[in-house]
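Taking it in order: structure first as structure tokens, then the write-up.
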Amino acid sequence: PSHDKPKKKLKEGQKMVYTKQSYTGKFKPTNPQKYIGDLSNIVYRSSYERKFMKWCDERESVSQWGSEEIVVLYHSPIDNKVHRYFIDFVIKVKTKEGIKTYLIEVKPYRYTQEPVIPKRKTKNFIAEVKQWAVNQAKWEAAKKYAGQRGWEFMLITERDLGSM
């Protein structure tokens, strides 16, 4: 679907406003026996997540996978409260050494980099800094959770997905 078309017809005198539509939907696996969780509710929230789901579903080495099936508690540096973090994916991969479990977070590359301080500190920059701080807290909690179980936490970006 094109992201440039307005959703509804404009009335006379109305201005055209373009908004970025999110790329969300429900995923239907071709190998449902591999999925951990509710098959009727596999939701992707980006084209990157959809691509990763397809990769998990089709890859022979992935024995099991689930989307937002693992919840980790983290302490937010913004409001000083404990929140729940629904990790994007859990996958079990067959290796020569046996089954290896990974917790996977799929993010655009730019969100995995610390914000660069601009000349003017705009509201947008402040929001990016806050999101960066929250993401760091989430990822640290996920690494700890994974490590306690002998698993590994990984961030995957469009750069990684391009080679999948």
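The values are calculated or read from the model by the stated rules, or taken from the named source; none is laboratory data. Being a predicted model, the structure only gives us computed values, none of them experimental. Cβ placement follows ideal geometry from the backbone for every residue including glycine, while neighbour counts extend to all protein chains displayed. Just the protein is used for accessible areas: all its heavy atoms, side chains included, with ligands, DNA and RNA removed. Shrake-Rupley method; radii C 1.70, N 1.55, O 1.52, S 1.80 Å.
Could you work out the relative contact order of the chain, using alpha carbon pairs under 8 angstrom and six or more residues apart, expressed as a whole percent? Relative contact order here is 18 percent.
Per residue, the stretch 24-79 exposes an accessible area of 55 Å² to a 1.4 Å probe, with every protein chain left in place.
Taking each residue as 0.36 nm, the span from Q33 to E158 lengthens on full extension beyond its C-alpha to C-alpha distance by 42.3 nm. Which option, (i) 13.7; (ii) 16.7; (iii) 9.4, is the value of mean projected area of the Cα convex hull in nm² that was calculated from these coordinates? Computed from the coordinates, mean projected area of the Cα convex hull in nm² corresponds to (i). Measuring between alpha carbons in the structure, the pairs from K51/K121; K92/K130; K54/K100; K34/K81; K100/K130; K28/K130 lying more than 25 angstrom apart are K51/K121; K92/K130; K34/K81; K100/K130; K28/K130.
Distances between placed amide hydrogens fall under 5 Å for G25 paired with Y44, all partners being 5 or more residues away or on another chain. Solvent-accessible area assigned to carbon and sulfur over the chain amounts to 50 percent, based on a 1.4 Å probe. On a 0 to 90° scale, report how tilted helix 47-58 is relative to the longest principal axis of the chain, with both axes built from alpha carbons and the result rounded to the nearest 10. In the chain, helix 47-58 runs at an angle near 20 degrees to the longest axis. Please work out the FRET efficiency for the pair N124 and K144, using the Cβ-Cβ distance as r and a Förster radius of 35 Å; give the result to the nearest 0.05. So, using R0 = 35 Å, E works out to roughly 0.70.
Using a Gaussian network for the chain with springs between C-alpha atoms less than 10 Å apart, which of these wobbles most: I78, I117, I42? Of the options given, I117 has the highest mean-square fluctuation.
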